[in-house]
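Student: Pasting in a structure now, in structure tokens, and then I'll have a few things to ask.
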Amino acid sequence: MASVSALTRVILGKTALNARAVAPNAGFVKFYSAAPAYENIKTEVVGSKKNVGLIQLHRPKALNALCKPLFVELGKAVVDFDKDDSIAAIVITGSEKAFAAGADIKEMQNNTYSSNNKGGFLREWEDISNCGKPVIAAVNGFALGGGCELAMLCDIIYAGEKAKFGQPEINIGTIPGAGGTQRLPRYVGKSKAMEIVLTGNFIDAHEAEKMGLVSKVFPVDKLLEETINLAERIGTHSPLIVKLAKQAVNQAYETTLKSGLQFEKSIFYGTFATEDRKEGMTAFIEKRAPNFKNE
Ligand SMILES: C=C(C)C(=O)SCCNC(=O)CCNC(=O)[C@H](O)C(C)(C)COP(=O)(O)OP(=O)(O)OC[C@H]1O[C@@H](n2cnc3c(N)ncnc32)[C@H](O)[C@@H]1OP(=O)(O)O
């Protein structure tokens, strides 16, 4: 697969450089003065308004298996983009062959119950689910085990038509450990989730779309472009209201309908305390585009 840089050059028709490598004020790519030297991921700021944080998992020799160093870097990149007011949404992608082939089996082979427990194995993954901004997965290739779970930690999943999803942990004598038994049934229902978890079988992108795991399927070489378009579309709205909308939808997974509706109502009422709600409605009535201030 072409690198993120090459892809974004194609997508945006201008020079997109790795944010780590670019000098301050280089124009197209936002410079992170304190950007760490990542080894297992690449980050860039992309989109015509430079408001989409793109993270590419980059551990090609292991099909992006999610070793701890990779996840620490991924968590840091997500937290940094989440804190950055110029970023509207975050896209996580992998390579054409693999989004991620799961947690790193070689790394965990000699773990014990007690080492998992004491070390909080896979705890870093919470950095993704705690992100306030929309996180979108662009999945080409394998999204297996932890790879499928990482995609499900994201708010929206777009897939390339050759993507393969699965929870094959059962094949190696364990069970999904990063949300597969909990998030998958919420996406696809109990029977299909049981089938996927208990057989370890893979499902293709179109099946995943039919089941509701994936929102849309695209040709492999269009996936990243379409996902960035989606992130940019979200980025046209008030970041404050987007964050509240995300919180409200996520609450549907945490509670009963009655208390979820109460939660929604209080968030909805709360939007009336924001400048952006006032601006949005005023702009509609004045027949002009809104100018949101994130306030
Ligand atoms: C949260 C939990 C508990 C988990 O995620 S458990 C892990 C769940 N995931 C899996 O079981 C998938 C494991 N991987 C596979 O089944 C196969 O690699 C696939 C994805 C079907 C691809 O098969 P192939 O195309 O034949 O590639 P394959 O040669 O197996 O993999 C290429 C390299 O990546 C390595 N690799 C692939 N998946 C890996 C993983 N999850 N952990 C560590 N290394 C992995 C693999 O060992 C090989 O390395 P090497 O060349 O040093 O032998």
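Student: Determine the per residue accessible area of the chain with all protein chains present and a 1.4 angstrom probe, expressed in square angstrom.
Tutor: 52
Student: Expressed in nm to one decimal, what extension gain is obtained for the pair residue 117 and residue 269 from 0.36 nm per residue of sequence separation less their Cα-Cα distance?
Tutor: 50.5 nm
Student: Measure out, as a whole number of angstrom, how far apart the alpha-carbon centroids of segment 38-77 and segment 216-264 sit.
Tutor: 21
Student: Just to be sure I understand: with springs between alpha-carbon atoms less than 10 Å apart, which residue in 201, 140, 116 has the highest mean-square fluctuation in the Gaussian network model of the chain?
Tutor: Among 201, 140, 116, the largest mean-square fluctuation in the Gaussian network model of the chain belongs to 116.
Student: Count the net charge of all other residues whose Cβ sits under 11 Å from the Cβ of residue 68, scoring Lys and Arg as +1 and Asp and Glu as -1.
Tutor: -3
Student: Within the set of other residues whose C-beta is less than 15 Å from the C-beta of residue 210, count the net charge using Lys and Arg as +1 and Asp and Glu as -1.
Tutor: Its environment carries a net charge of -2.
Student: Using helices alone, I'd like the mean residue ellipticity at 222 nm for the chain: each DSSP H run of four-plus residues gives -39500 (n - 2.57), total over residue count, nearest 500.
Tutor: Taking each H run of at least 4 residues, the total per residue is -12500 deg cm²/dmol.
Student: Ignoring ligands, DNA and RNA, please state the percent of accessible area on segment 4-234 from carbon and sulfur, probe 1.4 Å.
Tutor: 52
Student: A further question follows. Can you check what the net charge comes to around residue 182, using other residues whose Cβ is under 13 Å from the Cβ of residue 182 (Lys, Arg +1; Asp, Glu -1)?
Tutor: Spelling it out: positives minus negatives among the neighbours equals +1.
Student: If you don't mind, another one. What full-extension length gain, to one decimal in nm, is calculated for residue 105 and residue 259 as 0.36 nm per residue of separation minus the Cα-Cα distance?
Tutor: 51.4 nm
Student: Between residue 250 and residue 282, what FRET efficiency comes out of the Förster formula 1/(1 + (r/R0)^6) with R0 = 25 Å and r the beta carbon distance, rounded to 0.05?
Tutor: E between residue 282 and residue 250, to the nearest 0.05, is 0.30.
The values are calculated or read from the model by the stated rules, or taken from the named source; none is laboratory data. Not measured: the values here are computed from a predicted model. Cβ sites come from the backbone with ideal geometry, for glycine too, and all protein chains shown count toward neighbours. The accessibility values were calculated without ligands, DNA or RNA, using every heavy atom of the protein model including side chains. Shrake-Rupley method; radii C 1.70, N 1.55, O 1.52, S 1.80 Å.
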